[in-house]
Amino acid sequence: MRALIVIDMLNDFLDPKGVLYCGEAARRIIPAIKKLLEEFRARGEPVIYVCDAHEPEDREFQAFPAHCVKGSWGAEIIPELAPAPGERVIEKTRFDAFFRTELEEVLRELGVDEVWLCGVCTSICVMDTAAGAFFRGFKVVVPSSAVGDFDPEAHEFALKRMERIYKARIV
């Protein structure tokens, strides 16, 4: 069984007023993610959102400005991609959505063996989540039209790395 993992489609990354706005290149993936959501929902396949949710003093803020602070507007999923009733939203504090979260447990309980990853940023949280999935034995699929990055070169590198190193199928 497959599941759609929607990564960090949050106001701080996707809204021009967001602290770490990823730009128009990232916003252009919204229609592709909407289409994936419709497809997975129509088939009754799991959709899981993984979302940055940091404490105000998170160590990550040594590398990036404070963003996606728990309970803030910036940490909310963009309205265009709001979860449907019953869809899981899993908070994360690191790039890899499997790191210290219940994501693996949820996927195993659902009988998932293939994860479809979409969201931002291709070269950070998407790539690190692909690594986490690979190391846990999941097949990884990345729809290239449904991942985005503020850095076009890093985006292309990440797609190649996920394909070559983590055996992701790029579609």
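Being crowded, with 19+ Cβ neighbours inside 10 Å and aliphatic (A, V, I, L, M) is the filter here, so list the residues in region 54-70 that pass it.
Passing the criteria: only VAL69.
Which one of LYS160, LYS139 is basic (Lys, Arg), in contact (Cβ under 8 Å) with a residue 12 or more places away in the chain and open to solvent by 10 Å² or more (accessible area, probe 1.4 Å)?
LYS139
Just to be sure I understand the filter: pairs with C-beta atoms under 9 Å, separated by 6 or more residues or on different chains, first member in region 27-41 and under 10 Å from LEU4 (Cα atoms), second member of a type in the set (Gly, Ala, Ser) and not in a helix (DSSP H, G or I). Which pairs pass?
From residues that are under 10 Å from LEU4 (Cα atoms), the pairs are ILE33/GLY119; LEU37/ALA84; PHE40/ALA3; ARG41/ALA84.
Yes or no: region 119-135 includes at least one residue that is under 19 Å from HIS54 (Cβ atoms), assigned to a loop (DSSP other than H, G, I, E, B) and not aliphatic (A, V, I, L, M). Step through it out loud before you land on a result.
Taking region 119-135 first, the residues under 19 Å from HIS54 (Cβ atoms) are 119-121, 124-126, 128-129, 132.
After this cut, where a residue has to be assigned to a loop (DSSP other than H, G, I, E, B) as well, the list is 121.
Still in the list and also not aliphatic (A, V, I, L, M): 121.
Scanning region 119-135 turns up at least one residue that is under 19 Å from HIS54 (Cβ atoms), assigned to a loop (DSSP other than H, G, I, E, B) and not aliphatic (A, V, I, L, M).
May I ask you to list the residues in region 51-92 that are in contact with an Asp or Glu (Cβ under 7 Å, 6 or more places away or on another chain) and not in a loop (DSSP other than H, G, I, E, B)?
Selection gives CYS51, ASP52, HIS54, GLY74, ALA75, ILE90, LYS92.
ALA53 - would you say it is over 20 Å from ARG169 (Cβ atoms), touching a residue at least 40 places away in the same chain (Cβ under 8 Å) and touching a strand residue (DSSP E or B) at 6+ places or on another chain (Cβ under 6 Å)?
Against the criterion (over 20 Å from ARG169 (Cβ atoms), touching a residue at least 40 places away in the same chain (Cβ under 8 Å) and touching a strand residue (DSSP E or B) at 6+ places or on another chain (Cβ under 6 Å)), ALA53 qualifies.
For TRP73, work out the one condition from (1) closer than 30 Å to ARG2 by Cβ; (2) surrounded by fewer than 16 Cβ atoms within 10 Å (Cβ to Cβ); (3) in contact with a helix residue (DSSP H, G or I) (Cβ under 8 Å, 6 or more places away or on another chain); (4) of a type outside the set (S, T, N, Q) it doesn't fulfil.
(1)
Those residues that are surrounded by fewer than 18 Cβ atoms within 10 Å (Cβ to Cβ) and either touching a residue at least 24 places away in the same chain (Cβ under 8 Å) or in a strand (DSSP E or B) (or both), I need them from region 102-113; list them, please. Walk me through it before giving the result.
Pass one, region 102-113, residues surrounded by fewer than 18 Cβ atoms within 10 Å (Cβ to Cβ): 102, 104-106, 108-111, 113.
Passing the criteria: GLU104, VAL106, LEU110, GLY111, ASP113.
Is it the case that some residue within region 20-31 is open to solvent by 20 Å² or more (accessible area, probe 1.4 Å) and either within 12 Å of the chain's Cα centre (by Cα) or more than 20 Å from THR122 (Cα to Cα) (or both)?
No, because not a single residue in region 20-31 is open to solvent by 20 Å² or more (accessible area, probe 1.4 Å) and either within 12 Å of the chain's Cα centre (by Cα) or more than 20 Å from THR122 (Cα to Cα) (or both).
Taking region 144-154 only, how many residues are closer than 21 Å to ASP52 by Cβ and surrounded by fewer than 22 Cβ atoms within 10 Å (Cβ to Cβ)?
3
The values are calculated or read from the model by the stated rules, or taken from the named source; none is laboratory data. What you are looking at is a predicted structure, and each value in this text was computed from that prediction instead of being measured. Because the Cβ atoms are built from the backbone with ideal geometry, glycine has one as well, and the counts that use them run over all protein chains shown. Heads up: the accessible areas ignore ligands, DNA and RNA and are worked out on the full protein's heavy atoms, side chains in. Shrake-Rupley method; radii C 1.70, N 1.55, O 1.52, S 1.80 Å.
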